[in-house]
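Remarks on the structure that follows.
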Amino acid sequence: MNRKRHVLFLALGLLHCLLAGPTLAVIGDAAGGSEVRLPVTPPAQPQAVRQIRVDTPPTQVPPPPSITTGVEIPTPSRTEPPVFAESLLLGHNGVRVAQGPGMAASGPEVRMGVSPPGAADSLAPPPPPVFSMQTELGPDQWKLSADRIEGQHGSEYVQAVGNAVLVKGLNTLKADFMRYYQASRWVVLKGNVRVAWEGDILEAEEAEFDLGNMLGWLKRGKVFVGKPHIYFQSETIRKYGASSYRFQNAKVTGCDGDTPAWAITAEEGDINIDGRTKLWHTRFNVKDNPVAYLPFLSLPGGARRQSGFLVPEISYSDKRGVGVNQPYYQVIDDERDLTFFENAMSRRGLMQGVEYRHAENADTKGDWRIDYLNDRKTAGDTSQEDVYLQSDGLTRPNSNRWWLRSKFNGFIKDPDWQVKLDLDMVSDQNYLREFGRNSSGYDASRKAFLREFGRDIDVADSLTRTSTAYISRSWDRFGVVGKVGWTQNLAYMNSNNPASANPTTQTLPEAHFFAFKDAIPGTPLEWEAAGRFDYFWRQYGTRGFRTDLHPTVSLPLALGPVTLVPSAGLRTTSYGVGGYTNEPAGTTTNKSPTRTFPELGFSAFTEMSRVFALGGGPLQAKTENVGKSEWGAVRHSVSPRLEFAYAPAPQSQNRLPSFDSVDRLQRKNVITYSLTNVLDRKRTSVVAAPNGNATIPVAATDYLDFFRLRLEQSFDRDEAARGDLVGAYARRPYSDIMAEASVTPQKYVTLTSKTFYSPYLGRPTEHEHMLTLRKEKLGEVRFGYDYLYPLDEYKRKRTKDIQALRLGLDVDLTDKLAFTSDYRLDIAGNTDLEKTAGLVWTDQCYNVQLLFSRKPSDQTIELRFNLLDFGKP
């Protein structure tokens with residue numbers, strides 16, 4: 001009964017991905033979902049010939065056997081290999097072919113007059129000839145060993161009986177009986193045949209091969225193709241190229257073992273060098289029980305990216321209903337691909353999406369995505385919105401909904417002129433809050449952009465979406481950056497507010513100029529500078545340009561163990577406006593106002609350290625220590641730092657036009673002091689390093705900052721002398737004490753923590769903590785806590801108490817079954833932000849995930865299935 005339940009459970013999961021289409025393209029896997037495409041890989045630079053990188057694990061081949069009785073067989077000079085007809089190799093209709101091994105299908109003999117074997121008894125060994133057992137025949141040679149080796153008179157062929165092994169490099173052929181024809185390089189193997197050839201493992205009762213190109217056939221054979229990790233077995237198998245086979249009445253699987261968890265049987269099949277497997281008249285089996293039939297099935301390999309249907313996502317949501325998201329992956333060429341998404345939702349309609357990725361070279365890559373939905377649900381009034389969407393006071397009367405986003409890195413003519421593009425535009429303020437979980441949603445897009453480009457996008461519930469384009473160039477001493485930015489204000493879309501009253505500032509364009517810190521010739525001084533030009537445009541409000549220049553001069557001084565760097569700078573800003581619109585009272589009427597003020601400061605720092613030796617000495621590079629590691633020493637460094645910054649920002653700047661934060665710089669008169677402690681460990685590990693055909697123990701050393709603690713506080717001199725509103729707000733010149741810690745010992749524990757403690761309130765005012773504990777084969781525990789305490793001070797006001805708790809627990813229940821969960825709670829509001837829980841069953845060749853998610857806005861159940869390792873390199 002348990003077996004039947006197991007079979008039924010696997011069958012339901014496996015069947016849903018087969019019904020997605022006649023072709024499955026499982027080409028890789030994503031960390032947190034079912035999208036399984038290999039990344040687009042740019043060609044290597046700067047070679048003229050395009051190359052595509054495919055990272056594959058090193059081929060594991062059994063080492064050559066110890067040869068006690070052997071003979072070396074030379075590889076003759078290369079001649080054109082004979083061509084063998086498939087019908088002759090396979091012996092169709094059970095008729096033994098007239099031609100023997102080493103003969104062409106249509107042409108003269110190629111074994112120089114040696115008669116091919118006929119009946120089975122012709123393979124009986126001839127009388128022992130005089131034969132040299134050890135002969136030096138050159139560097140390019142096969143080596144043959146067996147219990148008994150015999151050669152025909154004239155040495156036209158050699159045959160081996162008993163534990164016969166033929167070896168050349170890492171390629172090995174084994175059998176009970178072996179006959180090798182030297183002229184044609186043809187080998188006949190019988191009994192317990194096992195061949196290891198360039199990562200493939202072949203087993204059969206009988207086999208014949210041309211050793212020049214390893215073409216041949218197997219009878220009642222089983223083959224493991226290493227690169228796509230595919231097993232197949234068949235009565236007759238023909239090997240017609242490198243990792244290329246044709247077979248009949250075969251079983252194909254990606255699972256190990258005699259009774260695989262899943263397998264596909266086929267009347268005919270073909271697998272090529274790229275790993276693409278084509279099968280005709282197939283049956284899908286779970287534990288050798290057939291559960292589905294398809295007339296044709298094409299499965300991917302791992303050598304190259306291949307087009308086909310990806311595994312679909314199946315889900316159920318209170319708001320969206322039953323959902324099936326079916327992606328189709330189309331390879332354009334080695335540098336470009338497309339993915340189409342058809343996301344059917346029973347309550348909302350059909351969302352269609354497309355993603356285009358490209359990587360022309362090492363400096364150019366892009367990811368462009370767009371989704372569209374003609375939504376069945378609209379909200380022309382806030383009362384028609386879901387409760388969690390009503391807080392912004394905006395409506396959503398539109399049914400045409402879309403999201404366009406992209407990231408792009410490239411250059412113009414010269415790779416030194418770097419170009420970056422971030423595009424993010426959406427149809428309405430609720431789209432990203434409603435559709436965020438599937439493989440084309442907000443969460444997946446954000447993770448992909450961070451992973452591939454290192455740049456984020458605006459949060460999902462933001463009322464603005466920002467798009468920018470950059471161009472930059474750096475020289476040894478100077479650099480320039482150009483930027484065009486557009487901010488989409490969703491509060492002025494879909495008739496919520498009149499577009500003509502939109503005050504959002506657009507930067508069209510913005511240019512930055514930098515002079516990197518450098519010595520002033522003939523002086524001990526150093527200088528650096530930054531300049532900026534902006535033109536600001538608004539639909540409603542003041543428009544104009546602004547230039548901002550900021551040069552700085554510094555003087556590094558070495559005072560014993562202390563380094564002192566005083567500095568002085570100048571900040572000058574000028575404007576040009578055509579007229580003032582929508583500005584506060586008191587704004588100047590001058591169309592060319594300016595602002596200039598000096599900046600002063602210094603920094604002083606030093607470092608003290610000591611190394612503490614651990615143990616009796618470094619780990620020795622000995623064979624018995626391979627795989628071991630130990631800490632040899634710990635370095636403790638202490639770095640005190642003192643800084644002073646003075647910037648007398650003039651009060652008159654309040655009369656300037658206001659475009660962004662540069663127009664209202666805060667006055668500074670602050671002393672900051674900090675102390676940083678770092679623990680750095682030195683570790684010695686003994687590893688097995690290759691040395692020819694063997695390995696030798698080698699000691700390797702690495703370093704890691706596994707602990708860091710920084711304490712910092714500031715003293716505001718202006719606050720200490722403040723006379724304004726002293727009766728209402730007492731002077732508090734000392735800032736909160738910040739304690740920032742990180743613990744990363746590489747295993748078991750990861751901690752990042754930041755706490756702000758008020759010396760006046762006697763309590764913490766802010767927390768940011770994240771702790772992760774993990775143990776292999778046991779699981780992982782995650783703890784996160786964010787906290788903001790309400791404040792009412794002269795310089796700080798925070799009215800809301802924010803406490804957010806995150807808990808996560810992953811438990812390996814068995815070696816195959818795992819439980820995963822996440823919980824986010826708003827403690828102050830006593831509200832659950834999100835609950836997720838799931839079960840993950842991971843076998844050697846498949847993975848099933850059942851996930852449940854609950855938010856105040858929605859409940860979702862998802863089923864994900866993946867054929868692990870099938871088609872992976």
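The values are calculated or read from the model by the stated rules, or taken from the named source; none is laboratory data. Since we're looking at a predicted model, the values are computed, not measured. Cβ: placed from backbone, ideal geometry, glycine included. Neighbour counts: every protein chain shown. The protein model used for the area step is the full one, side chains on, heavy atoms only, and it has no ligands, DNA or RNA in it. Shrake-Rupley method; radii C 1.70, N 1.55, O 1.52, S 1.80 Å.
Based on every Cα atom in the stretch 684-774, Rg and the maximum pairwise Cα distance Dmax equal 24.2, 84 Å. Note on Lys168: lysines with a C-alpha under 25 Å away, same-chain residues under 8 apart excluded, are Lys143, Lys190, Lys219, Lys222, Lys227, Lys239. Restriction of the GluC sites (Glu not before Pro) in the stretch 727-823 to DSSP coil positions whose beta-carbon has at most 11 other beta-carbons within 10 angstrom yields Glu776. For the stretch 506-572, the fraction of alpha-carbon pairs lying more than 17 Å apart is 57 percent, rounded to a whole number. Over the Cα atoms of the stretch 758-801, the radius of gyration divided by the Kirkwood radius equals 1.26; this is the Rg/Rh ratio.
The residues Met770, Met738, sorted by heavy-atom accessible surface at 1.4 Å with ligands and nucleic acids left out, run Met770, Met738 from largest to smallest. With contacts taken as Cα pairs under 8 Å and at least 6 residues apart, the stretch 585-647 reaches a relative contact order of 49 percent. Largest to smallest in accessible area, the residues Lys622, Lys365, Lys447 fall in the order Lys447, Lys622, Lys365 (1.4 Å probe, all protein chains included).
Rounded to the nearest whole Hz, the Karplus-based 3J(HN,Hα) values (6.51 cos²θ - 1.76 cosθ + 1.60, θ = phi - 60°) of the stretch 506-520 follow the sequence 10, 9, 9, x, 9, 10, 10, 10, 10, 10, 5, 4, 8, 6, 8, with x at glycine and proline.
Starting from the Kirkwood Rh over alpha-carbon pairs, what translational D in µm² s⁻¹ does the stretch 449-552 have by Stokes-Einstein at 25 °C and 0.890 mPa s? Value of D from the Cα-based Kirkwood radius: 148 µm²/s. Every pair of different Cα atoms in the stretch 488-541 enters the Kirkwood calculation, which places the hydrodynamic radius at 14.6 Å.
Divided by 2.2 N^0.38 Å, where N counts the residues, the Cα radius of gyration of the stretch 138-218 comes to 1.00. Using a probe of 1.4 Å on the protein chains alone, the accessible area found for His550 is around 50 Å².
Computed over protein heavy atoms with a 1.4 angstrom probe, the accessible surface ordering of Thr573, Thr606, largest first, is Thr606, Thr573.
Along each principal axis, taking the top coordinate minus the bottom one, the Cα set of the stretch 606-763 gives 79, 37, 29 Å in descending order. How big, in percent, is the set of alpha carbon pairs in the stretch 205-289 lying more than 19 Å apart? I get 34 percent for the Cα pairs in the stretch 205-289 exceeding 19 Å. Considering all alpha-carbon pairs of the stretch 254-344, what whole percent are spaced by more than 18 angstrom? In whole percent, the long-distance tail amounts to 62. The alpha-carbon positions of the stretch 357-406 define a convex hull whose volume is 103 Å³ per residue.
Solvent-accessible area of Thr820, all protein chains in place: 40 Å² (probe radius 1.4 Å, heavy atoms, ligands and nucleic acids excluded). All distinct Cα pairs of the stretch 161-207 go into the 1/r average, and the inverse of that average, the Kirkwood radius, is 10.7 Å. Computed with a 1.4 Å probe on the full set of protein chains, the accessible area for Tyr492 sits at about 60 Å². In terms of overall dimensions, the stretch 534-655 has a Cα radius of gyration and Dmax of 27.8, 84 angstrom. Our coupling estimate for the stretch 355-372, obtained by passing each phi through the Karplus curve with A = 6.51, B = -1.76, C = 1.60 and θ = phi - 60°, is 10, 10, 10, 8, 8, 6, 7, 5, 9, 10, 7, x, 9, 10, 9, 8, 10, 9 Hz, Gly and Pro reported as x. Our compactness index for the stretch 361-453, the C-alpha radius of gyration over the empirical 2.2 N^0.38 Å, is 1.39. For the stretch 732-873, the C-alpha radius of gyration divided by 2.2 N^0.38 Å, with N the number of residues, is 1.40.
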